[in-house]
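The values are calculated or read from the model by the stated rules, or taken from the named source; none is laboratory data. Computed from a predicted model, the values in this text were never measured in an experiment. Note: accessible area is taken over every heavy atom of the protein model, side chains too, but ligands, DNA and RNA are not part of it. Shrake-Rupley method; radii C 1.70, N 1.55, O 1.52, S 1.80 Å.
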Amino acid sequence: MNRFVAELRFKYRPQLLAIRNFGHRITGNDKLIEEFNLISSSLLYYSDYAKVVEHNVEKSEALRKEHDKFAEWCSYKCETGYGWELSSYNPYTSRRAKNKKKVEEGRKLLKKFNLTMIKSREEERQLINQLDRYRGKKW
């Protein structure tokens with residue numbers, strides 16, 4: 001029975017995701033989810049920027065640790081034998097109030113380090129490409 005349900009979920013996954021996203025749009029949770037993701041990306045970008053461009057490892061490590069607390073990263077030994085498994089805060093399964101609280105926490109974190117939030121996915125892509133060019137990476 002479990003296999004049958006799993007096959008149905010796999011087959012109808014696009015429809016289930018569309019229904020989930022529609023529910024987020026109705027409640028206004030979609031904007032909070034996007035902002036949470038942008039704040040998380042901003043913290044990671046500035047951590048890499050501090051390490052690569054400014055050569056400030058302490059600032060980079062501090063930003064990375066704060067991001068791990070913010071995103072609730074944790075790893076634990078998986079009992080199925082696959083080794084380590086990572087988990088983090090999932091804004092898609094959380095309620096709007098919890099997402100709003102996390103976004104406010106992220107804004108305070110950015111203010112604490114005097115950083116600006118990346119405004120869009122396009123801006124994030126451009127900044128990461130600049131950072132990769134500075135490193136000398138070629139995709």
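Where the accessible area of segment 7-79 is counted over protein heavy atoms with a 1.4 Å probe, how much of it, in %, is carbon and sulfur?
57 percent
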Most mobile listed residue (Leu63, Leu16, Leu115) in the chain, GNM with C-alpha springs under 10 Å: Leu16
Cross-link reach list, lysines versus Lys31, counting only Cα pairs under 16 Å and skipping chain neighbours closer than eight places: Lys98, Lys100, Lys101, Lys102, Lys119
Per residue value of the accessible surface for segment 1-77 (all protein chains in place, 1.4 Å probe), Å²: 69 Å²
Listed residues Ala50, Ala97, Ala18, most fluctuating in the chain (Gaussian network, C-alpha, under 10 Å): Ala18
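Need one word for segment 1-122: rounded, prolate or oblate. Basis is the Cα gyration tensor (sqrt eigenvalues a ≥ b ≥ c); a/c below 1.5 gives rounded, then a/b vs b/c decides. Can you show the working numbers first?
Working: a/c = 2.48, a/b = 1.48, b/c = 1.68.
Verdict is oblate for segment 1-122.
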J(HN,Hα) series, segment 36-52, from Karplus relation 6.51 cos²θ - 1.76 cosθ + 1.60, nearest Hz, glycine and proline x: 4, 5, 5, 5, 4, 5, 4, 4, 5, 5, 5, 5, 5, 4, 5, 6, 7
Cα centroid separation, segment 1-80 to segment 105-119 (Å): 17 Å
J(HN,Hα) series, segment 90-104, from Karplus relation 6.51 cos²θ - 1.76 cosθ + 1.60, nearest Hz, glycine and proline x: 10, x, 6, 9, 8, 6, 4, 5, 5, 5, 5, 5, 5, 5, 4
Aspartates and glutamates whose Cα lies under 14 Å from that of Lys51, excluding same-chain neighbours fewer than 8 positions away: Glu61, Asp132
Helix 13-27 axis, angle to the chain major axis (alpha carbon atoms, nearest 10°): 70 degrees
Amide H contacts of Asn56 (H built 1.01 Å from N, under 5 Å, at least 5 apart or other chain): Lys51
